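In what follows, a structure is listed as structure tokens, so that the remarks can point back to it.
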Amino acid sequence: MEYAYDDQNIFAKILRGEIPNKTVYENDHALAFHDIQPQAPVHVLVIPKGPYMSLDHFARDASADEQAGFFQAVAAVCDQMGLEEGFRGISNTRGHGVQEVPHYHMHIIGGKPLGRMLSV
Ligand code: AMP
């Protein structure tokens, strides 16, 4: 599969500081910030700083350091947001996954019971 990263996507603009974000956590390889349209009391997005389009792209091509930095950010968000009761991590991917922003991100959603994973 070919991955053609578009550096004009909104998360690339956030990473370049061209539009603001409400940062929760940042390290060398990842940024975590509040979703602009929260679906639950906690709704944070974790994104890598590198140009990866999707979960599979990141898993395939990101370095071990980038992957470690990303998951350190996930852990920091879980600590900071008080998610001991649980949460859901979601990475929507391409068309069938209804991914709107083509820069890899994991939604960390929680703060209340979330119901079943899928309603079909
Ligand atoms: P997805 O459908 O998985 O690509 O989700 C993209 C998410 O990005 C949605 O939940 C949007 O609310 C969120 N979003 C879009 N623009 C911004 C922004 N400027 N700051 C924070 N979150 C955003």
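Taking the conditions exactly as written (touching a Pro at 6+ places or on another chain (Cβ under 6 Å), within 16 Å of the ligand (Cβ to nearest atom) and aliphatic (A, V, I, L, M)), does A73 satisfy them or not? So A73 does not fit the description; no. Screening M106 against (1) surrounded by 16 or more Cβ atoms within 10 Å (Cβ to Cβ); (2) without any contact (Cβ under 8 Å) to a residue 12 or more places away in the chain leaves a single unmet condition, (2).
Residues considered: G17, G97. Of these, the only one that is within 9 Å of the ligand (Cβ to nearest atom), out of contact with any His (no Cβ under 9 Å at 6 or more places or on another chain), at pLDDT 95 or above and not aromatic (F, W, Y) is G97. Take Q72 and decide whether it is more than 14 Å from the chain's Cα centre (by Cα) and either at pLDDT 95 or above or surrounded by 12 or more Cβ atoms within 10 Å (Cβ to Cβ) (or both). No. Inside segment 5-43, residues that are more than 25 Å from L114 (Cβ to Cβ) and in a strand (DSSP E or B) make up a count of 1.
For segment 57-66, which residues satisfy the criterion of being in a helix (DSSP H, G or I) and buried (at least 17 other Cβ atoms within 10 Å of the Cβ)? Within segment 57-66, H57, F58, E66 qualify.
Close contacts from segment 20-31, counting a first residue that is in contact (Cβ under 8 Å) with a residue 24 or more places away in the chain and a second that is within 11 Å of the ligand (Cβ to nearest atom) and of a type outside the set (A, V, I, L, M), with Cβ to Cβ under 9 Å and a gap of 6+ residues or different chains, come to V24/F33; V24/H34; Y25/F33; E26/F33; L31/F11; L31/N21; L31/T23.
The values are calculated or read from the model by the stated rules, or taken from the named source; none is laboratory data. Only a predicted model underlies this, so the values are computations on that prediction, with no experimental measurement involved. Virtual Cβ from ideal backbone geometry, glycine too; neighbours counted across all protein chains shown.
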